[in-house]
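Encoded as C-alpha cells, the structure appears first; notes follow it.
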Amino acid sequence: MSFPNQHNPYNFNAFLEWRNQVNFYTDDAFLQKVLKHFSEDAWEESDSEARNISEKVSYRWRDFANAIAAPEKRPYMMHYDGHHNRIDRIVRPHEVEIMEKEVFGEKLFSDDFSPWVKLIKMMLIYQNGESCIACPVTCTEGLVKLLNEFAETLETKHILQHCKEGIDGDFGIGAQYISEIQGGSDIPANMLEAVKDGDIWRLYGSKFFCSATHADYVVVTAKPKNTETVALFVVPSWLPGNKEKEIRNGYTIDRIKEKMGTKELTTGELTFHGAIAYPVGPMNKGLSNVVAIVLTYSRLTVGLSAAAYMSRAVREAQKYSEFREAFGTAIGKFPLVKMQLREMELFRRRTTAGAFKLYHEFLDMKEKVDQNDSLEYQKKKLRVRELVMLQKITATWDSTDVIRKAMSIFGGHGVMEDFSALPRLYRDSAINEQWEGPRNVLLTQIYRDLRKASSWYKPKDFIYDLIPGASSSIKEHYSLELAQYLSHGSLLKPDEATIEICQKWDEFCHRLFHTYQDCALAEVG
C-alpha cells in the first residue's frame, strides 16, 4: 500500500553505498577469468598489478573523473597572458593534472612489465570514461611503439625515454595529429608541408582534429615540399626550456572544438608556422607506418575501451534493477528487464573476451615477426589486421547500444548527468565510433584488403582460420557469403546492385566479428 506522506522518506542510499564500494577488478570474477586464460604465463604478475591499480581506479580516480566531468570544470583556452604574450595555454582542472601524473606514473609502456599488465591496467582505467586520460594514454602508446622501432637521433631517443620510462619521475604525454579539413580519414590528401631548413625540418599548414592538445609530443603526418609522399614526424610541443615560459614550438592553437562527448579532453584546430619536427622512419613510408603502428594500437585500444564502458554500465544497471522497485516488486524481476540485462551481459562478456583474444593473437604475430617471409605469417598478419578493424567498428557500435539500454534500466534517472556516469560514457562511446576511422571507411578497407589477398588467401581458408572454433556449418556459410560479396569487385560502383551489396557487407562484417567474439567467449568457458 502507498499512502500520502508529505515527508517522503525514499532515498537511493543502499544503491549508492554499493556503488561507492565496488572494486572494478576484484569484484569482477569474469574479467579475472578472461585475463587468466589469455595472459597465460603472465597471469600472476598481471593479476597482482591489476589488484594494485584497481584500488586507485575504483575510488580515487573514479571520484576525480566524476569531478572533472562537471560543466563548470571544462577546459578552456587562454591565448594571451596579461602582457599580451601569445601562450595558447590550455586551462584544465587541478584534478586532471593530479590524475594524469598518477596514471602515467604507472609506467604503462615500460619494458619492466608484461604487455598484459599494460592491457589490464588500461581496461580498468577506461571504466572511468575519457576523463582527459584515455585518449592521451592511447596516443602515447602509439608514439612509444613508433619510436621503439625508429628512434635513431638524440632527440627522438630522448622523447622515447621520456614517454616510456620517464625522466626524473616525469612522464611525457603523446598525441597524434593526422586529419586535415579537406581529408578527414583520407590521409593521402594531407597538405601540411614539411620544409628542410639546413639540418632541420619545419612544418607549415594546419591540422583540423588535434585531440590531447595538451600533449608534450605529437606524431604528425606531412608532405615534404614538392612531393605527394606522406612522411611521418614527431613534433615537440615546446623546445627545451620553453615549456615553463609557455613558448610553443612554432604553432598556434586556433580554437578548441565543441564535441558531443569526451568533453574533458581538448580537441583543437592548429596552424603550424615553421614548427621544428623530427622525421621518424623512412620518408616514403609515413602512411604505412602511421596506419600499421600508430592507428593499429589506437584501434586495438578503442575495442578495449568499449569492453570497459560496457562492464561498468552493465554492472550498475544490474545492481540498480535489484534495488529499484516498481508496482511492488524489484524491476529486475520483470521478464522484459531480465531479457535486456541478459542481452547486455552477453555483449559485455563477448566484447571483453574478444578484445583479449585479439590482443593475444596480436602479440603472437609480433613475437613471430622473424617468420615474415612465410606464407603462414602473412596470412596471420592479414587476419590480425582485419580483426583490428572489425573489432573497432563492431565493439564501438555495440558499446553505444549497450550503454543506451543500460540507461533505460534507470528510467528517467538514466539520462541525469549527476545521477550516474552512464550519460558521459554514452557520449564518449559515440565519439569512439568516429575516432580512428568511421565505420564506412573501415568497411571499405576490409573489403579491399580481402579482395586483394584473395589470390593467395582464398575466402574459405580465411574464414576457417579466422573462426576455427565455430561449427563447420557456420564456417561454410560465412565462406560462401564472403566469396559472393568479393566477386562483386568494388563497393564504389554508383549503382543499386552495389548499394545492396554494401548493406549486406555491413551486416556480414558485424555478424562475423560477433562470431569471433563468441568463439573467444566459449574458449574462456
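Read the figures in this text as sums done on the coordinates, not as results from a lab. Bear in mind that the values here come from a model prediction, so they are computed numbers and not experimental data. Positions of Cβ are backbone-derived with ideal geometry, glycine not excepted, and every protein chain shown enters the neighbour counts.
Results, tabulated for the structure shown:
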{"read-out": "For Leu300, Leu108, Leu486, order by how many other beta-carbon atoms lie within 10 Å, fewest first", "value": "Leu486, Leu108, Leu300"}
{"read-out": "Separation of alpha-carbon centers, the range 95-135 and the range 454-487, rounded to whole Å", "value": "38 Å"}
{"read-out": "Calculated on alpha-carbon atoms, Rg and Dmax of the chain in Å", "value": "23.9, 85"}
{"read-out": "Spacing of the two label points (7 Å from each Cα toward its C-beta) at Glu258 and Gln484, in nm", "value": "4.8 nm"}
{"read-out": "Karplus-derived HN-Hα couplings along the range 189-198 (A = 6.51, B = -1.76, C = 1.60, θ = phi - 60°), whole Hz, x at Gly and Pro", "value": "7, 3, 10, 4, 9, 10, 10, 7, 10, x"}
{"read-out": "The chain: DSSP helices with Cα axial extent of at least 20 Å and average Kyte-Doolittle hydropathy no lower than 0.5", "value": "134-150"}
{"read-out": "Nearest-0.05 FRET efficiency for Ile247 and Asp461, computed from C-beta distance (R0 60 Å)", "value": "0.55"}
{"read-out": "Fewest-first sequence of Val291, Val117, Val302 by Cβ atoms within 10 Å of each Cβ", "value": "Val291, Val117, Val302"}
{"read-out": "Mean separation of Cα contacts under 8 Å, 6 or more apart, over the residue count of the range 440-525: relative contact order %", "value": "33 percent"}
{"read-out": "Dipole magnitude (debye, nearest 20) for the chain, charges at Cβ of Lys, Arg, Asp, Glu", "value": "900 debye"}
{"read-out": "The range 427-449 and the range 372-402: distance between their alpha carbon centers, rounded to Å", "value": "12 Å"}
{"read-out": "Footprinting exposure proxy for Ser305, Ser39 (fewest neighbouring C-beta atoms within 10 Å first)", "value": "Ser39, Ser305"}
{"read-out": "Kirkwood Rh, Cα atoms: Rg over Rh of the range 440-525", "value": "0.99"}
{"read-out": "At R0 = 56 Å, FRET efficiency that the Cβ-Cβ distance of Lys338 and Asn52 yields, to 0.05", "value": "0.95"}
{"read-out": "Computed helical MRE - 222 nm, the chain, DSSP H runs ≥ 4 contributing -39500 (n - 2.57), nearest 500", "value": "-17000 deg cm²/dmol"}
{"read-out": "Contact order normalised by residue count of the chain, Cα under 8 Å, 6+ apart, percent", "value": "12 percent"}
{"read-out": "Separation of the Tyr10 and Ser185 label points, Cα + 7 Å toward Cβ, nm", "value": "4.5 nm"}
{"read-out": "Relative contact order (%) - criterion: Cα under 8 Å, at least six apart; region: the range 174-284", "value": "30 percent"}
{"read-out": "Area projected by the alpha carbon convex hull of the range 189-250, averaged over all directions, nm²", "value": "4.8 nm²"}
{"read-out": "Inter-part distance where the range 251-320 and the range 154-214 are each reduced to a Cα centre, Å", "value": "13 Å"}
{"read-out": "Contour excess over end-to-end distance, with Cα ends at Asp364 and Gln161 and 0.36 nm allotted per residue", "value": "70.5 nm"}
